[in-house]
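Notes to accompany the following structure.
The values are calculated or read from the model by the stated rules, or taken from the named source; none is laboratory data. Everything quoted here is computed from the prediction, not taken from an experiment. Every residue, glycine as well, gets a Cβ built from its backbone with ideal geometry; the counts of neighbours run over all protein chains shown. Protein only, heavy atoms only, side chains kept; ligands, DNA and RNA dropped before computing areas. Shrake-Rupley method; radii C 1.70, N 1.55, O 1.52, S 1.80 Å.
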Amino acid sequence: MVTSMYKCKGILFDFDGTLANTMQNHYHCWKSVFGAIGVNLSEKDYYPMEGASLMDIAKKFSKFSDPKELEVLVRNKKDRYINLYKKKISFYPGVSDLVNYLSTKMPLGIVTGGHRDQLENTVPREFLRLFSTIVCGDETEKNKPYPDPYQTAARKLELNTAECVVVENAPLGIKSALNAGCYCIAVTTTCNKVEVDEAHEIVEKIVDITKTKIINNF
């Protein structure tokens, strides 16, 4: 069995689209920022970039190459998102209870492409305190789909990557987890099963991760 290669000693969660129902919020903020420079961003183009660094998203759709111009786009997007959703984000059903329960069993982490100021200004502090580590997109040299974010999180938990279970909702994040050597569970909140079929297991709702082969003994 594939699960015999892995141990669940810690769980690393992607944030947007996995724990929180925020992808539409991010899309609308990016669409507004790109619209101001004459770029019409479609959902079809944006969603496959989920998990990528904010700088990579800015560069891909703006076609800018000057780092200063890209930084302005990223800052404008973050400012808009924080102003609109300060402490107002919506978690998927059952997330708070699930995270509270799992945090009593093992260390948990968040691994997100979002920047730390964006996360800390929109997510309740008491929720973030349930996680032993948080790795944000502005804290690693390379972002998803590279292994760096999940390798960094595992190291901070003092675990091997094969001892970490990753919960993701998007292809770039799944690739990042697999590239890092983690066991990956996909949640079909924003993608269909075909789009996330590289994951070891797939569930429809995040609360169902406790029923998976790798976690169900908790």
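Is region 114-196 best put as rounded, prolate or oblate by its Cα gyration tensor, with a ≥ b ≥ c the root eigenvalues, rounded for a/c under 1.5, and otherwise prolate when a/b is larger than b/c, oblate when not? Oblate, because a/c is 1.5 or more while a/b does not exceed b/c. Here, region 1-95 is characterised by an Rg to Rh ratio of 1.08, where Rg is the alpha-carbon radius of gyration and Rh the Kirkwood radius.
Of the accessible area of region 132-218, computed with a 1.4 Å probe over protein heavy atoms only, carbon and sulfur atoms account for 43 percent.
Mean separation of Cα pairs under 8 Å and 6 or more residues apart, divided by the residue count, gives the chain a relative contact order of 26 percent.
The residues packed around Val123, meaning those with a beta-carbon under 15 Å from its beta-carbon, carry a net charge of +2 if Lys and Arg are +1 and Asp and Glu are -1.
By the compact-protein rule of thumb, 2.2 N^0.38 Å, the alpha-carbon radius of gyration of the chain corresponds to a ratio of 0.98. Charge tally around Asp148: other residues with Cβ under 14 Å, Lys/Arg +1 each, Asp/Glu -1 each, net +1.
Close amide H contacts of Ile110 (hydrogens built in the peptide plane, cut-off under 5 Å, sequence separation of 5 or more or a different chain): Phe13, Thr133, Ile134, Val135. Of the GluC sites (Glu not before Pro) found in region 145-195, the ones in coil according to DSSP and having at most 14 other Cβ atoms within 10 Å of their Cβ are Glu158. A cut-off of 5 Å between modelled amide H atoms, ignoring neighbours fewer than 5 places along the same chain, links Val166 with Leu12, Tyr183, Cys184, Ile185. Sequentially through region 173-179, phi angles give Karplus couplings (6.51, -1.76, 1.60; θ = phi - 60°) of x, 5, 4, 4, 5, 5, 4 Hz, Gly and Pro residues having no value and appearing as x. Within the full protein context, the accessible area of Lys175 is estimated at about 80 Å² for a probe radius of 1.4 Å.
Heavy-atom surface analysis with a 1.4 Å probe gives region 1-83 a carbon and sulfur content of 51 percent of its accessible area.
For region 155-191 and region 69-141, what is the separation of their Cα centres, given in Å? After rounding, the separation between the Cα centres reads 17 Å. Positive contributions from Lys and Arg (+1) and negative ones from Asp and Glu (-1), summed over other residues with Cβ under 14 Å from the Cβ of Thr190, come out at -4.
For the listed peptides 186-193, 5-12, a ranking on the average number of other beta carbons within 10 Å per residue, highest first, reads 5-12, 186-193. Think of a 1.4 Å ball rolled over the protein heavy atoms: the chain then has 47 Å² of accessible area per residue. Computed from backbone phi with θ = phi - 60° and the Karplus coefficients 6.51, -1.76 and 1.60, the 3J(HN,Hα) list for region 99-113 is 5, 4, 5, 5, 5, 8, 9, 6, x, 10, x, 10, 10, 10, x Hz; x is used for glycine and proline. Along region 54-65 the Karplus relation, 6.51 cos²θ - 1.76 cosθ + 1.60 evaluated at θ = phi - 60°, assigns HN-Hα couplings of 4, 5, 5, 5, 4, 5, 4, 8, 8, 6, 5, 10 Hz to successive residues, with x for each Gly and Pro.
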